[in-house]
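The values are calculated or read from the model by the stated rules, or taken from the named source; none is laboratory data. Since this is a predicted model, take the numbers as computed values, not measurements. FYI the Cβ positions are ideal-geometry reconstructions off the backbone, even for glycines, and counts take in every protein chain you see.
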Amino acid sequence: MAAKLIDGNALSEKILAAVRQRMEETKVVPHLVAVQVGEDPASVFYVKNQKKQCEEMGFKYTLDQLDVKTTQEQLLSEIERLNRDENVTGIILQMPLPEGIDRRVVQQAIDYRKDVEGITPTSLGLLLQDRPQMVPCTALGAVELLHAVVEKIEGLDCTIVGRSEIVGKPIAMLLLSMSRSATVTVCHSKSKDLAAKVASADILFAAVGKPAVIKGEWIKKGAIVIDVGINRIPLKDKDGKPLLNEKGKPKYTTVGDVEFEVAKERAAYITPVPGGVGPMTTAILMRNTLEAALRIKNAL
Ligand code: NDP
């Protein structure tokens, strides 16, 4: 029987509605500042989306655009200024940073109370100590999608493929927390026999960034599959030739890391890509942003 889809669009709408309601009740309006050094095209795209989302929520959003020649010292003093500014309740440091700037040093300088992305050492340390405050948005969104279909995961075997600081590792910490107590296996590019680790999982999180790296036939029957991967791949016709749009440019589609068509015949639940973890990331960012503002204004 085909798996049931876990609808990330529907759950993220619920989260956003709750954020709006909380804002209405508390009358606290967050002010999120995105610091961007230079104009990397991917970063420009994210900034545009963040602005749109914040405006839709009624948050104040400021793009703090710095010259590509900004030095690390100058960037650190800008972060310090934003930390001190009582009217700023959230800070996002846009990646990538120009060469010569150490990402970790600058991230560490962000006041953890304003760290809406949950990426400072303090935020990650609090998560490790099982007293989370700001949790990386994609990781939390992925785990909340899991809880949309199963509440109790105590003792269940969870495999996470991917060990990045913003996705794989924080998912592992969330699943290991005392309130969840899952049994967690974390895999990466050096892991041996990935197929066996996936096949043993009651719950699978795929966070790699490679299309179909997880074969559908590896999935345990009845498993829950959360596919975090976002991969743009060119569309091809039946002869394998690239499909072109009206401007003669290649057409693309977005897929996850899991071979969806096969996996959905084995899993009990699976997230679609797009429409799974993607919208959750944005919704959790909005919720983190309001929570940071509430904490700073002592309204939480
Ligand atoms: P990273 O590139 O930082 O991490 C990828 C991880 O996958 C690494 O741990 C790497 O191992 C591991 N890996 C690579 N190849 C293999 C392999 N063949 N077998 C097993 N493991 C492998 O990526 P992110 O964590 O930032 O993102 C992961 C995916 O999630 C990407 O597709 C990204 O686009 C997507 N993403 C989606 C978001 C959303 O909103 N839905 C937000 C953020 C990310 P090693 O550590 O050994 O190199």
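Some notes on this structure:
- Taking segment 26-115 and the strands (runs of 3 or more DSSP E) fully enclosed by it, the elements with 2 or more residues that are on the phi < 0 side of the Ramachandran plot, polar (S, T, N, Q) and at pLDDT 95 or above are at 60-66.
- Exactly one residue out of Ile226, Ile230 is touching a Ser or Thr at 6+ places or on another chain (Cβ under 8 Å), within 30 Å of Gln21 (Cα to Cα) and not polar (S, T, N, Q), and it is Ile226.
- Some residue of segment 168-190 being of a type in the set (Ser, Thr, Tyr) and surrounded by 22 or more Cβ atoms within 10 Å (Cβ to Cβ): no
- Exactly one residue among Ala299, Ala268, Ala263 is closer than 22 Å to Glu117 by Cα and small (Gly, Ala, Ser), and that residue is Ala299.
- Filtering Ala206, Ala148 for residues that are surrounded by 20 or more Cβ atoms within 10 Å (Cβ to Cβ), under 23 Å from Asp7 (Cα atoms) and at pLDDT 95 or above leaves a single hit, Ala206.
- Screening Lys249 on (1) away from the ligand (no atom under 12 Å from the Cβ); (2) on the phi > 0 side of the Ramachandran plot shows it passes everything except condition (2).
- Extreme residue, nearest to Ala223 (Cα to Cα), among residues of segment 175-199 that are in a helix (DSSP H, G or I) and more than 11 Å from the ligand (Cβ to nearest atom): Ala199
- Listed by first and then second residue, the pairs linking a residue in segment 176-191 that is closer than 11 Å to Leu156 by Cα to a residue that is in a loop (DSSP other than H, G, I, E, B) and away from the ligand (no atom under 12 Å from the Cβ), with Cβ atoms under 6 Å apart and 6 or more places separating them unless they lie on different chains, are Arg180/Ile153; Ser181/Glu154; Ala182/Ile153; Ala182/Leu156.
- Among the residues of segment 228-255, the ones that are under 30 Å from Ile171 (Cβ atoms) and out of contact with any helix residue (DSSP H, G or I) (no Cβ under 7 Å at 6 or more places or on another chain) come to 9 in all.
- Qualifying residue in segment 157-174 (condition: touching a strand residue (DSSP E or B) at 6+ places or on another chain (Cβ under 6 Å), more than 16 Å from the ligand (Cβ to nearest atom) and either at pLDDT below 95 or acidic (Asp, Glu) (or both)): yes
- Considered as a group, the residues in segment 219-264 that are without any contact (Cβ under 8 Å) to a residue 24 or more places away in the chain and under 28 Å from the mean Cα position of the chain (by Cα) include one that is nearest to Leu5 (Cα to Cα), and that residue is Thr253.
Yes/no per residue for (1) of a type in the set (Val, Ile, Thr); (2) under 26 Å from Val198 (Cα atoms):
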residue: Asp111; (1), (2): no, no
residue: Asp115; (1), (2): no, no
residue: Thr122; (1), (2): yes, no
residue: Cys137; (1), (2): no, yes
residue: Leu145; (1), (2): no, yes
residue: Leu156; (1), (2): no, yes
residue: Gly162; (1), (2): no, yes
residue: Ser177; (1), (2): no, yes
